[in-house]
Amino acid sequence: MKILVVGLDCAAPEIVFADESLVNIRRVMDAGCYGKLESVVPPITIPAWMCMATGQDPGSLGVYGFRNRSDYSYGALEIATSRSIRQVTIWDQVAMEGGRSVLIGIPPSFPPRKVNGVCVGCMLTPDVSRDIYTHPASVKDEIEALVGEYPVDVKGFRTDDKEWLKDSIYEMTAKHFEVVRHFVQNAEWDYFEFVEIGVDRMHHGFWKHHDPSHKQFEPGNPYESVIRDYYRYVDRELGTVFELLDEDTVVLIMSDHGARALDGGFCVNEWLAENGLLALKERPTEITPFSDLNIDWSKTTAWSEGGYYGRVFLNVKGREPQGLVEPEDYDKVRDELQQQLESVLDDTGEPMGTRVFRPDQIYRNVRNIAPDLLVHFGDLAWRAIGGVGYPSVHVQENDTGPDDCNHAQFGVFVLASSNNPLQGEVDGVHLLDLAPTLLDLAGYDIPESMQGSSIARGKSMLSSEHGTGLSMEGEEAVRRRLSGLGYIS
């Protein structure tokens, strides 16, 4: 069987499952099963999409966000690219069994992946007019002949110009679906996956206009229906894609995470400094990015990178250049800091409900340089602000520009297949379960490296008889061989 994966980045279950006018998504729901989809920690576009594709958690991939520490110095951060992911993916398994794939906009896919088929780059493509963002390279000309300049993203989507933003997202999405339909019809494929980033951009730009629970929501505002209208538009576009499929196709609609109202920002490095854990040689007189702070590392216990979630690092002697924390005290210091972070209060003096995670406790493997603690401030109701110089640790402004929402831990999945035994709403499905499920339904072997289970067989029934028969070392050897032949990247 063929497989089609429709990725709607950030699609929210409270919209997808409540709006009966999404008739094309409803048809897939009626033909199969659906439900909330638990994402990984952190529930971030990168690494979540590749966690889905590999069936492995972020620690096993060694990718913890868009930027990751490349060494133990204090400023070495590298942006994740397609080359950051070396694990076997669902499309690699398809290639191992002789199949071809079309991949469009799956983060991260720049440089474009050298798949057995077609790959079109994602939002991390620097400049489509200058860079080769497709594999094969000739596909770039094919796309430009079809839609002109191909928009991998809406540049400058953090803006107060909402009319421009709305129009730009629609224009981008229309071109995306034109390209998707073209390759569904004209490419040879056994596996097809595309990710529409427009849903995420709509959420970040318009959530406060849409969600009555948002602190800044104003009833009757002119953009109150923008998000729901866009979902209906995407649903109509999906209908035109589904018309091109034959019955012998597994269809999955999914999101990498959900969305929720953003209550504000928590200035984590400001808080660390106030609590004597981050030592500044001089306090800035204005708001200053973390990278520009004058830090006394010899007296610093911990620091953090900001973002939708906080990444906290300890300054460990013998690990960091001017480490302060003795290695034998590492667990004690980390435990104490975790307890302190979990106890932070919101701007009203009430417990924030912050969740703090230790990589060694939540991941099967911890590769590369992981944060010592991962922090969901207010269970993701608050963004982590990395700068210092704010009048309070609680702020309403955002350090990266206007932003109305944060990510939520649960996204959506809708799965239909002629041989899918599950019908109706299904609980307890995790992002890592999807790749094994798709391979199972389509008749492929399931790599032993995948950590989830096929929900079609029951979450406890994945065993070696369904695997490739290869050890982890053997699978890596095959992956290298296929890579050398150009079948996988």
Quiz item: Which strands (runs of 3 or more DSSP E) does segment 1-76 wholly contain that include 1 or more residues that are assigned by TED's automatic domain parsing to the domain that holds SER418 and of a type in the set (Val, Ile, Thr)?
Solution: 2-8
Quiz prompt | Verdict on PHE206 being surrounded by 17 or more Cβ atoms within 10 Å (Cβ to Cβ) and closer than 30 Å to ILE132 by Cβ | solution = no
Practice problem: Answer with yes or no whether ASP92 is in contact (Cβ under 8 Å) with a residue 60 or more places away in the chain and of a type in the set (D, E, K, R). | Solution: yes
Practice problem: Could you give me the residue pairs with C-beta distances under 8 Å whose first residue belongs to segment 140-156 and is in contact (Cβ under 8 Å) with a residue 60 or more places away in the chain, whose second residue is not aromatic (Phe, Trp, Tyr) wherever it lies, and which are 6+ apart or on separate chains? | Solution: none
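Against the definition (β-branched (Val, Ile, Thr), part of a helix (DSSP H, G or I) and over 19 Å from the mean Cα position of the chain (by Cα)), how does THR348 come out, yes or no?
no
I'm checking my understanding of the structure. Among residues of segment 397-433 that are polar (S, T, N, Q) and farther than 30 Å from GLY264 by Cα, which one is surrounded by the most Cβ atoms within 10 Å (Cβ to Cβ)?
The selected residue is SER417.
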Quiz prompt | Criterion: of a type outside the set (S, T, N, Q) and out of contact with any strand residue (DSSP E or B) (no Cβ under 6 Å at 6 or more places or on another chain) - qualifying residue of GLU342, GLU326, GLU350, GLU305 | solution = GLU350
Quiz item: Is it the case that some residue within segment 228-242 is surrounded by 19 or more Cβ atoms within 10 Å (Cβ to Cβ), part of a strand (DSSP E or B) and either more than 23 Å from the chain's Cα centre (by Cα) or without any contact (Cβ under 8 Å) to a residue 60 or more places away in the chain (or both)?
Solution: no
Self-check item: Residue ID - nearest to ALA442 (Cα to Cα), chosen from residues in segment 2-46 that are small (Gly, Ala, Ser) and touching a residue at least 24 places away in the same chain (Cβ under 8 Å)
Solution: GLY32
Quiz item: Hey, among ARG283, ARG260, which residue is surrounded by 14 or more Cβ atoms within 10 Å (Cβ to Cβ) and basic (Lys, Arg)?
Solution: ARG260
Practice problem: Can you tell me which residue within segment 69-115, out of those that are charged (D, E, K, R) and in contact with a Gly (Cβ under 7 Å, 6 or more places away or on another chain), is modelled with the lowest pLDDT? | Solution: LYS114
Practice problem: Exactly one condition in (1) closer than 22 Å to ALA48 by Cα; (2) modelled with pLDDT of 50 or more is not met by ILE488; state its number. | Solution: (2)
Exercise. Could you grab the pairs with beta carbons closer than 8 Å, sequence gap of 6+ or different chains, first residue in segment 69-87 and surrounded by 15 or more Cβ atoms within 10 Å (Cβ to Cβ), second one among the aromatic types (Phe, Trp, Tyr) and assigned to a helix (DSSP H, G or I)?
Key: TYR74/TRP297
Quiz item: If the Cβ limit is 6 Å and pairs must be 6+ apart or interchain, which residue in segment 336-362 that is among the acidic types (Asp, Glu) pairs with which residue that is assigned to a loop (DSSP other than H, G, I, E, B)?
Solution: GLU342/THR354; ASP346/MET352; ASP360/VAL366
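The values are calculated or read from the model by the stated rules, or taken from the named source; none is laboratory data. These figures come from a predicted structure and were not determined experimentally. Glycine gets a Cβ as well: all are built from the backbone with ideal geometry, and neighbour counts include every protein chain shown.
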